[in-house]
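All remarks here apply to the structure that follows.
The values are calculated or read from the model by the stated rules, or taken from the named source; none is laboratory data. For clarity, every value in this text was computed on a predicted model and none was experimentally measured. No Cβ is skipped: glycine too gets one built from the backbone with ideal geometry, and neighbour counts run over all protein chains shown. SASA here: full protein model, heavy atoms, side chains in, ligands and nucleic acids out. Shrake-Rupley method; radii C 1.70, N 1.55, O 1.52, S 1.80 Å.
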Amino acid sequence: MKILHTSDWHLGHTLYNYDRTEEQLSMLRQMRTIVDEERPDLFLLSGDVYHTSRPSAAVQTMLADALMSIHEACPDMIIVVTAGNHDSGMRHEIFRTPWRRLNVHMIGTIDRERPESHIVEIPGKGYVVALPYAYGRFISDGFLQSVLERVGEMNDGRLPVVVSAHTTVKGCDITGHDGVTEYTVGGIDYVTIDEFGCGYDYLALGHIHRQQWIHGSRGKARYCGTPLAVSFDEAYDHSVSIVTVNGDGEPPVLKTVAVDNPFPLVTLPASGAAEWERVKELLSEFPADIPAYIRLNVSVDGFLPVGAMNEALLIASGKKCKVCHINTVRRDAVSATSRMMSVSDFRMCQPVEIAGSYAADIGAVFDDDMKAMFNEALDEVKKDERND
């Protein structure tokens, strides 16, 4: 079974109030082209179709037109779309019945009474167990394994079995993500790979934006990543995953197809931070004919000059780029670390590391005794959180 695995389209997303419709339409046109060239048996969209649970009519129309176009590119292909945590599961299923006539299966909520409704057969090729995002309390223990066992009963030909899920798997690379805590990423609790049970040949994951295989899955579980960057910290390749699953214990075979963004997210300077005058030079030197969103990283002793953003906008006037944000980094912090710590890096640090960095930044002592006291206080806070 040949699968086009994609997720996290975030249709309707805006970047610092800039509309991104042009980029999203370009991405959707590329999806159709990839389908036309690859001719997959299954098109799998693993959640976060929209950026908000209440997308505008225009954004919903964008999705409907895209699915129609993708279907027309390969009419025999089955399309399975599940809801993510950014989506409204109920809204997702409003037109579930008419979509079926176009080989499109829209699955928005967990149906504990009819678990078989999560099984989609790909005739002569295999089966998909399609799980939308749901809070843990709405999924009973053993639900997925019971569905997989049901698939096993149906699968006389030992065809490939694929599970689609939208969640956070422990050990994944969360670079670029907001909303990271010790227990969650983007509001979704960590789960272990073992919680998915056994009986599948490929686990198609959504939610994490960086494409990657999951360690410990024996090459069977993968995040395809988002086809378009949602933040400047997602400074890595974006693509769709073409996965061929043969079953019978064979590892899936992967090919990635890059998705080009006509309006890329660019940080100046490309690494670290520079003084305001140098950053203005970099912005002035940025080619006028290249469309891009721009983030400026500026090293400062205190504060930016008054009117810095207006000055940056004036420099960029007449260019195709759009200045979004000025990120300030203290100069002494830059010299101490030789690099700028992104929001994602910050959230991946342990609290004691952050406290130590802050102490060094202000010239305070943070010895072993202070670290021990800090960790004791942190343990008390965690206990209070769990009790609440």
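Assorted remarks:
- Looking only at residues of segment 267-281 that are in contact with a strand residue (DSSP E or B) (Cβ under 7 Å, 6 or more places away or on another chain) and crowded, with 17+ Cβ neighbours inside 10 Å, we find that the one that is nearest to Leu25 (Cα to Cα) is Thr267.
- Pairs with Cβ under 6 Å, 6+ apart, first in segment 67-78 and within 14 Å of Ile34 (Cβ to Cβ), second open to solvent by less than 30 Å² (accessible area, probe 1.4 Å) and among the β-branched types (Val, Ile, Thr): Ile70/Val35; Ala73/Val35; Cys74/Val35
- Checked against the criterion of being within 19 Å of the chain's Cα centre (by Cα) and among the hydroxyl-bearing types (Ser, Thr, Tyr), the candidates Ser271, Ser217, Ser284, Ser239 yield just one match: Ser239.
- Residue in segment 90-102 that is farthest from Val49 (Cα to Cα), counting only those that are within 26 Å of the chain's Cα centre (by Cα), in contact (Cβ under 8 Å) with a residue 24 or more places away in the chain and open to solvent by less than 50 Å² (accessible area, probe 1.4 Å): Trp99
- Among all residues of segment 274-295, there is at least one that is modelled with pLDDT of 90 or more and over 28 Å from Glu234 (Cβ atoms).
- Search result, residues across segment 61-84 that are open to solvent by 20 Å² or more (accessible area, probe 1.4 Å) and of a type in the set (S, T, N, Q): Thr61, Ser69
- Residue identified as among the charged types (D, E, K, R), buried (at least 20 other Cβ atoms within 10 Å of the Cβ) and touching a residue at least 60 places away in the same chain (Cβ under 8 Å) among Asp87, Asp41: Asp41
- Some residue of segment 190-210 being open to solvent by 20 Å² or more (accessible area, probe 1.4 Å), closer than 30 Å to Gly272 by Cα, under 20 Å from the mean Cα position of the chain (by Cα) and not small (Gly, Ala, Ser): yes
- Test set (1) in contact with a strand residue (DSSP E or B) (Cβ under 9 Å, 6 or more places away or on another chain); (2) surrounded by fewer than 16 Cβ atoms within 10 Å (Cβ to Cβ); (3) in contact (Cβ under 8 Å) with a residue 24 or more places away in the chain - Ser217 fails condition number: (2)
- Odd one out for Thr184 among (1) modelled with pLDDT of 95 or more; (2) β-branched (Val, Ile, Thr); (3) open to solvent by 20 Å² or more (accessible area, probe 1.4 Å): (1)
- Gly108 fulfils the conditions (1) crowded, with 20+ Cβ neighbours inside 10 Å; (2) among the small types (Gly, Ala, Ser); (3) within 27 Å of Thr256 (Cβ to Cβ); (4) free of Cβ contacts under 8 Å to residues at least 60 places away in the same chain except for a single criterion, (3).
- Checked against the criterion of being of a type in the set (Gly, Ala, Ser), under 19 Å from the mean Cα position of the chain (by Cα) and crowded, with 20+ Cβ neighbours inside 10 Å, segment 227-234 contains one or more residues that satisfy it.
- Asp48 vs. criteria open to solvent by 10 Å² or more (accessible area, probe 1.4 Å) and either in contact (Cβ under 8 Å) with a residue 12 or more places away in the chain or in contact with a strand residue (DSSP E or B) (Cβ under 6 Å, 6 or more places away or on another chain) (or both): no
- Sole exception among (1) touching an Asp or Glu at 6+ places or on another chain (Cβ under 8 Å); (2) in a helix (DSSP H, G or I) for Phe263, by number: (2)
- Unique match (being more than 24 Å from Ile79 (Cα to Cα) and in contact with a strand residue (DSSP E or B) (Cβ under 9 Å, 6 or more places away or on another chain)) among Asp173, Asp201, Asp141, Asp194: Asp173
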